[in-house]
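Just so it is clear, none of the values below were taken in a lab; they were calculated from the coordinates. Predicted model, so just to flag it, every value in this text is computed and none were measured. Here the Cβ is made from the backbone with ideal geometry for all residues, glycine too, and neighbour counts use every protein chain on show.
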Amino acid sequence: MRLVKRFQSVVAVVAAGMGLLLAAPATAQAHEVPDALTVYPPIQGASTWDRFGLSGPAGHHRVFSNWGYLNDWSVDIYRNPGATVVSPFGSRTAAGHAVTVRVVTVRPGCATGQLADGGYRIGLEATDNVTGAVIARADVMHVDRKPAAIAVGATVGPWTKLGETGRFRYSSCYQVNGDTGAHIHLEVINHHRYSCYLPRAANTELGDETAIGRAGLHYGGPRAAC
């Protein structure tokens, strides 16, 4: 039996007009042996970490939940509309175990249910192929132009196109006035204990292989810096 991930109940939160929607409980075992899985920017090519200094993981709102718990940390990664959105999970753990990533959620991300207000929320689950244990999930929010193949149950690789960055109408869910504000809202959660982010200054430029966090390690609380 896996250890309890949290030691207190979590109050459901709806922030900035986005819908808090709980995913169904997983039946697979949790990843109880620490083994790091790198988290990368969910955008192929160049992107920007927390462009305006308002959406870094130390304090950025966490909106979505998995396995009945609020996600561990969140950050906004910026790129003008039209960039390719991809899975943020690496393909192998630090121990060399191959990882499979599957789509577990595809739905409008905003509480209104309207794609025009903020695009898709695409949830991804990473599983250790050697142990069969679920490592972590990520919610990739504000995805535009989702391909038909990106559906619940689909397997995706590191460069599989989930969609594109987009510009949506201004709303409480998407408070953006120009193309430079277009971004992906990323949230990550470990299946066992907590994942962590790699801290950096606002407006830091990223490459598509820049590590921004770690899943599979067992930190002791939410919004933990690696």
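Packing, taken as the mean count of other beta carbons within 10 Å per residue, orders the peptides 134-143, 176-185 from highest to lowest as 134-143, 176-185. Kirkwood analysis of the Cα pair distances in the range 23-88 returns a hydrodynamic radius of 14.3 Å. Could you estimate the translational diffusion coefficient of the range 126-226 from the Stokes-Einstein equation, with Rh from the Kirkwood formula over C-alpha pairs, at 25 °C and 0.890 mPa s, in whole µm²/s? My calculation gives 154 µm²/s for D.
Each label point was placed 7 Å from the Cα along the Cα-to-Cβ direction; for ASN203 and ALA149 their separation is 3.9 nm. When the chain is described by a simple charge dipole with +1 on each Lys and Arg Cβ and -1 on each Asp and Glu Cβ, the residue from TYR170, PRO81, GLY109 located farthest towards its positive end is GLY109. VAL75 sits among other residues whose Cβ lies under 9 Å from its own Cβ, and their net charge, with Lys and Arg +1 and Asp and Glu -1, is -3. Taking the Kirkwood radius as Rh and the Cα radius of gyration as Rg, the range 66-151 has a ratio of Rg/Rh equal to 0.99. This model, with +1 at the C-beta of Lys and Arg and -1 at the C-beta of Asp and Glu, gives the chain a dipole about its Cα centre of some 320 debye. For the listed peptides 102-111, 82-91, 50-59, a ranking on the average number of other beta carbons within 10 Å per residue, highest first, reads 82-91, 102-111, 50-59. Here the extension length gained between ALA98 and VAL130 equals 10.8 nm, from 0.36 nm per residue of separation less the Cα-Cα distance. So if I take the alpha carbon set of the range 37-220, get Rg, then get Rh from the Kirkwood formula, what is the Rg over Rh ratio? Rounded to two decimals, Rg/Rh equals 0.93. If R0 is 35 Å, the Cβ-Cβ spacing of LYS161 and HIS218 corresponds to a FRET efficiency of close to 0.65.
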